[in-house]
There are 2 protein chains.
Amino acid sequence: MQELTDFANALADEAAIIIAQYFRQPVAVDHKTKSDPVTVADRAVEQKLRQMIEARYPDDGILGEEFGIKDTRNGRVWVLDPIDGTKSFIIGRPSFGTLISLWDGDTPLLGVIDQPITKERWIGIKGQATTFNGQVVHVRSCPDLRNARVGSTTPRYMTPSLIVELNEKVDFIAWGGDCYLYGLLAGGNLDIVIEQHLEPFDYAALVPVVHGAGGEMCDWNGRPLTLQSNGQVAAFGDSSLKEEILSMLKNI
Amino acid sequence: MQELTDFANALADEAAIIIAQYFRQPVAVDHKTKSDPVTVADRAVEQKLRQMIEARYPDDGILGEEFGIKDTRNGRVWVLDPIDGTKSFIIGRPSFGTLISLWDGDTPLLGVIDQPITKERWIGIKGQATTFNGQVVHVRSCPDLRNARVGSTTPRYMTPSLIVELNEKVDFIAWGGDCYLYGLLAGGNLDIVIEQHLEPFDYAALVPVVHGAGGEMCDWNGRPLTLQSNGQVAAFGDSSLKEEILSMLKNI
C-alpha cells in the first residue's frame, strides 16, 4: 500500500500546484447545470491526474468528474474529483477539496481529501488509522443526538421536512463545506453529515478517511457505500447515532 | 487615522493569538440560544480587546457581543465580535472571522475582518481603498443579476419565498461563510450577500471594508447601515444590482 499511497500523495501535490494558479483568479466559468459550475482549473487538474495514472498504472480504471470512465482491466478504479465544492472555489473560499481515491471492486483501498490552499490533507488507507497532515486523527464520542453537530453542504441536499425534524432534535446544523465536512468529522469536530444527490466521485474518497478515523459511512438505508450507491450519503462520527438518524431518513 | 489603524491591527493580532490556542481544541461550548453557541475563546478574546481599548482610549465606547456596552464619552464606539461564525469555529472550519470596527456616531471610521488561522485580513478605512493582506482589493463589475454570485450564511437568514425567487433569477447561491463572504465580495469573488437577524457587531466592521472596495451595503429598504439598523443587511459588489434585489426584498 505504501507505493500506492505515495502515488496518491503525488497526485494530490500535482493537483494543488495547478489549483493554486487559478484560485481567486478570473477564470471562465461555464455552468454545466444550474448547481454545478465547472472551471478551467477543474479540467486542467483532471487531465493531469489521468495522464499520471495512465502512465504509472495503465491497467487501472479511472472514474473522473469531468472526463468520465476509463474501464479497468484489473478491478481497480481511481476515482477523481479535482475540485469538490466548486462553488466555494469560485467565490474564493478555501473549503473545497481535491478528492482522490482507489477502489478495488466495492472495497475502498485509499482516499485523499486535500485542501490545496490551506495545505490540509486527510489520508485514509484500508486497515490503517486516518491521518491529517501526517498526524493520526479520530472521531469523537457523541452518543446524544441533542449534542451532535450536523453538517450539510446545502439545504437542497436535505428535504424541507428533514430540516424541520433535525432542527427539533439537534441544536447545531452548519451549512456549506462539501468534502471538507467529512475531514472535520474524521478529526472529531463534527458528528454527522447528511447529503444526497452525490456522485461516486463526490463520496468515494471520503469513505476510507471516515472509516479509518473510527467513523462510519453508509447510504440512507444503512447499506455500505459502493461506487454504485444511489448518492444518498450519511456519515457518523459516533455509530450510536446511526439508528436514530437512519429512521428519520426513512420517513421522508 | 494611521494611529487608529495600527491599534486596530494590534487588536486583531492579539485576538488571533488567543483564537489559535483554541481552534480545533476541545472547549466547553454552552449554547446561548439554539443558533448562537459561544465558546471560551470568544469570551477570552473580547475581554482582552476591551482591556486594550480601555487602557489606550478610555473615553471611547465599546460594543461587544459577549460583554455588552460601555458608553462613549466622545462619540466614538469600538464594535467587537471576537468570533463571527461561531459554528464554523466550533467545527474547525476557518471561515469565521474576528470583527473589529470603530464608529463615530453613524459614520464607520474603520473595519477589520481577520481570519486568524489562514492569516487573511481585510481592512477598510474611511476615505481609503480597502486592503487584503496589504494589497488593494476591489469589487467586480456584474451588471446582470443572472450572472451574479449570491452568498448567505444560512437559509434561515432569508425566507423560503425569497430563496425560491432567487433560485429563479440567479444561477449561483453559496451557503455558509459569515463575515468571510463580505471579504470575498470586497475582493471581487462574490457579488451579493443577503442576510437578516444580524446584530450591530455582526455587520459594523463589514461596512467600511465593502465601501472601501467600491461596493455598497445597506438595509433591506436601501438605507445606509448604522449601529441602530434593524439587522436586515444587503451587500453589493456592483451597485447596479441593488434596485432589483431591494425590490425582491420588499415583496417578502
| Rounded to the nearest 0.05, what FRET efficiency do A:Lys48 and B:Asp71 have when you use their Cβ-Cβ distance and R0 = 41 Å? | 0.10
| field | Degrees, to the nearest 10: B:160-169 long Cα axis against longest axis of chain B | value | 60
| said: Going 7 Å from Cα along the Cα-Cβ axis for the label, what nanometre distances separate B:Gly231 from the same residue across the other copies? | reply: 3.7
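When only C-alpha pairs under 8 Å and at least 6 residues apart count, what is the relative contact order of segment B:86-186, in percent? Mind showing how you got there, number by number?
Numbers: 143 pairs, mean separation 23.9, N = 101.
It rounds to 24 percent for segment B:86-186.
If one computes P(r) from the Cα atoms of the protein assembly as shown, what percent of pairs lie at distances over 37 Å? Provide the component values of the computation, followed by the final result.
Details: 35121 of 126756 pairs.
Tail fraction, whole percent: 28.
How many percent of all Cα-Cα pairs in chain B sit more than 22 Å apart?
On the way: 15944 of 31626 pairs.
Distances greater than 22 Å cover 50 percent of the Cα pairs.
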| field | Rounded Å value of the spacing that divides the Cα centres of segment A:205-252 and segment A:123-190 | value | 11
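Quick check on segment B:145-249: of the DSSP beta bridges with both residues there, what percent are antiparallel, nearest 5%?
Taking every DSSP beta bridge within segment B:145-249, about 55 percent pair in antiparallel fashion.
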| In a solvent-free Debye calculation with one equal scatterer on each Cα, what is log10 I(q)/I(0) for segment A:186-252 at q = 0.23, 0.24 Å⁻¹, listed in the order of the q values? | -0.97, -1.05
| Chain A, rotation onto B, residue closest to that axis via Cβ, with its distance in Å | A:Gly176, 1
| query | Quick one: how many Å² of A:Met1 are accessible to a 1.4 Å probe, rounded to 10? | reply | 90
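Would you tell me the mean number of C-beta atoms belonging to other protein chains that fall within 10 Å of each C-beta in A:85-97, as a whole number?
On the way: counts 1, 0, 7, 6, 1, 6, 14, 8, 13, 7, 7, 0, 0.
Going residue by residue through A:85-97 and averaging, the value is 5.
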| query | Which angle from 0 to 90°, rounded to the nearest 10, does the C-alpha axis of helix B:2-22 make with the longest principal axis of chain B? | reply | 90
| Inter-copy spacing of B:Asn9 label points, which lie 7 Å from Cα along Cα→Cβ, given in nm from shortest upward | 3.8
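How long is the gain from A:Asp144 to A:Glu3 if the chain were fully straight, where each residue apart is worth 0.36 nm and the alpha carbon distance is subtracted? Working shown, then result.
Numbers: separation 141, 0.36 × 141 = 50.76 nm, distance 4.07 nm.
The span from A:Asp144 to A:Glu3 would gain 46.7 nm if fully extended.
Evaluated at 4 °C with a viscosity of 1.567 mPa s, what Stokes-Einstein diffusion coefficient in µm²/s does segment B:143-203 have when Rh comes from the Kirkwood expression over alpha-carbon pairs? Don't skip to the answer; put the middle values down first.
On the way: Rh = 11.9 Å.
Approximately 109 µm²/s, per Stokes-Einstein.
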| query | Accessible area per residue of chain B at 1.4 Å probe, in Å²? | reply | 37
| request: Mind checking B:173-184 for the average number of partner chain beta-carbons within 10 Å of each residue's beta-carbon? | output: 5
| How high is the relative contact order of chain A, given as a whole-number percent (alpha carbon pairs under 8 Å, six or more residues apart)? | 16
| query | Per the Debye formula with a single identical scatterer at each Cα and no solvent contribution, what log10 I(q)/I(0) holds for segment B:96-145 at q = 0.12, 0.17 Å⁻¹? | reply | -0.33, -0.61
| message | If you split all Cα-Cα distances of segment A:97-227 into 5 Å bins from zero, what percentages do you get per bin, shortest first? | response | 2, 11, 21, 24, 21, 13, 7, 2, 0
| note | Measure of exposure for B:Leu198: accessible area at 1.4 Å probe, Å² rounded to 10, is 20
| note | Per the helix-only model, chain A has a calculated mean residue ellipticity at 222 nm (DSSP H runs of ≥4, -39500 (n - 2.57) each, divided over all residues, rounded to the nearest 500) of -9500 deg cm²/dmol
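Compute the convex hull volume of the Cα atoms of segment B:2-136, divide it by the residue count, and report the result per residue in Å³ as a whole number. Show your work: numbers first, answer last.
Details: hull volume 14.2 nm³, N = 135.
Normalising the Cα hull of segment B:2-136 by residue number yields 105 Å³.
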| query | Counting Lys and Arg as +1 and Asp and Glu as -1, each charge on the Cβ, what is the dipole of the protein assembly as shown about the Cα centre in debye, to the nearest 20? | reply | 80
| note | Rounded to one decimal in nm, the spacing of the 7 Å Cα→Cβ label points at A:Glu168 and B:Asn221 is 3.7
| How far is helix A:40-56 tilted, in degrees, relative to the longest principal axis of the Cα atoms in chain A, given as a value from 0 to 90 rounded to the nearest 10? | 70
| message | I want to make sure I understand the PRE zone here: with the label point 7 angstrom from the Cα of A:Ser239 toward its beta carbon, which residues in segment A:189-222 have backbone N atoms less than 18 Å away? | response | A:191-193, A:207-222
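For segment B:145-249, what's the relative contact order in percent, using C-alpha pairs closer than 8 Å and at least 6 residues apart?
Numbers: 186 pairs, mean separation 28.4, N = 105.
The value is 27 percent.
Rounded to the nearest 5, what % of the DSSP beta bridges within the protein assembly as shown are antiparallel ones?
80
Once you've got the Cα coordinates, tell me which of A:Lys242/B:Lys87; B:Lys48/B:Lys126; B:Lys87/B:Lys119; B:Lys126/B:Lys242; A:Lys242/B:Lys169; B:Lys48/B:Lys87 are over 28 Å apart. If you can, show how the numbers build up before the last one.
Details: A:Lys242/B:Lys87 22 Å; B:Lys48/B:Lys126 26 Å; B:Lys87/B:Lys119 19 Å; B:Lys126/B:Lys242 22 Å; A:Lys242/B:Lys169 38 Å; B:Lys48/B:Lys87 22 Å.
Violating the 28 Å Cα-Cα cut-off are A:Lys242/B:Lys169.
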| request: May I ask you to report, in nm to one decimal and beginning with the shortest, the distances from B:Asn133 to the same position in the other copies, taking label points 7 Å along Cα-to-Cβ? | output: 1.5
| task | Just read off the accessible area of A:Asp202 with the full protein assembly in place, 1.4 Å probe, to the nearest 10 Å². | result | 20
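The values are calculated or read from the model by the stated rules, or taken from the named source; none is laboratory data. Remember, it's a predicted structure, so these values are computed and weren't measured experimentally. Neighbour counts run over all protein chains shown; Cβ positions are idealised from the backbone, glycine included. Note: accessible area is taken over every heavy atom of the protein model, side chains too, but ligands, DNA and RNA are not part of it. Shrake-Rupley method; radii C 1.70, N 1.55, O 1.52, S 1.80 Å.
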